[in-house]
Amino acid sequence: MKKYKPDKFFINIPFDDNRNYISDAWEYDEGKDPKEDEDDDPHSDNYKGDGLSRYDEYRGFFTQEGYIRTNPNHKDVFVYDPDKLGIGYFSLTNLHIILNPIPNDDRRVTEYDTTAHIYNQFYITLRKAPYHSLWIYNPEGVQVYICGRTNTALGAGEAPICDIDDQLSKERYYGEKGLSYILAHELGHAVSLFEHYSPWSGREEYYAMGGYPPNLIIGGQYVNFCIMNPDPFYTILTPEGEPQNVNLVPLNYCPSCLNIIKLKK
């Protein structure tokens, strides 16, 4: 209680004795800097935080399912999914996925000014794309239909949008399992994961990963067969230089993926 006038006193409600804009009763208050953004669960040797300050997570968020508060020690990602595609195997990142924030023109989950706020974080948007509406041209100039495309990643300064051709995904990769793979792959791009190896980009990516890509088959065994492989039907080379055709949908992220997830600048 603080003195305001000779005969009057006042008290902050909610009680905030350490004056960090966060109620002392909140279980994660801990008296820390309200601008702190040091989430480290899941752990990464490279990047902490999720673009949401401790104050943001105390203040909370509105989603289409209602109001929530989040844990400032666990990395949160918001995904807007109006077409109900789901997130597939993206849950294997162990990020805290919050579905369907209130949509807005800027695609942001935070957009306000306060001394305890540091960054207006975006949400990721999933969009169902019409059949055969997504394509790229290979080095030979041939148009190739693709199952998904993502424009950018969180922390890059604009809102990530993942376009998903769900029909082609199911046709090409064993039904619903294939769609779960494509969703995880494109959402992976939205949190800064990249393809480990593409036959169109040359062999230099072997060495960028510190050796052979983690989806190689060695001695007939799959080694870290990863969701971020660009296409599980591509022919790849073993360390002995012999081609192996991969025809199974990968169901996990490899350790190198989980260690480079990045959610903010």
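The values are calculated or read from the model by the stated rules, or taken from the named source; none is laboratory data. What you see is a predicted model, and the numbers here were worked out from it, not measured in a lab. Cβ: placed from backbone, ideal geometry, glycine included. Neighbour counts: every protein chain shown.
Scoring Leu126 on the criteria (1) in a loop (DSSP other than H, G, I, E, B); (2) aliphatic (A, V, I, L, M); (3) modelled with pLDDT of 95 or more leaves a single failure, condition (1).
Set side by side, the residues Ser192, Ser198 differ, and just one is in a loop (DSSP other than H, G, I, E, B) and modelled with pLDDT under 90, which is Ser198. Quick check on my filter: what residues within the stretch 128-170 are closer than 23 Å to Ser192 by Cβ and loosely packed, with under 14 Cβ neighbours inside 10 Å? Ile136, Gly157, Glu158, listed by residue number. Look at the stretch 236-265: where a residue is more than 23 Å from Asn73 (Cβ to Cβ) and a partner is surrounded by 18 or more Cβ atoms within 10 Å (Cβ to Cβ) and at pLDDT 85 or above, sitting 6+ places away or on another chain with Cβ atoms under 7 Å, you get Val249/Gly178; Val249/Tyr181; Pro250/Tyr181; Pro250/Ile227; Leu251/Tyr89; Asn252/Ile227. Checking each residue in the stretch 173-186 for being over 15 Å from Ala129 (Cα atoms) and surrounded by 19 or more Cβ atoms within 10 Å (Cβ to Cβ) picks out Tyr173, Gly178, Ser180, Tyr181, Ala184, His185. Counting only residues that are outside any loop (DSSP other than H, G, I, E, B) and either closer than 15 Å to Leu187 by Cα or touching an Asp or Glu at 6+ places or on another chain (Cβ under 6 Å) (or both), how many does the stretch 137-171 have? Adding up the residues that qualify gives 9. Within the stretch 58-90, count every residue that is surrounded by 19 or more Cβ atoms within 10 Å (Cβ to Cβ), in contact with a His (Cβ under 8 Å, 6 or more places away or on another chain) and assigned to a strand (DSSP E or B). Number satisfying all stated conditions: 2. Note on the stretch 29-43: among residues that are modelled with pLDDT of 90 or more and assigned to a loop (DSSP other than H, G, I, E, B), the one that is surrounded by the fewest Cβ atoms within 10 Å (Cβ to Cβ) is His43.
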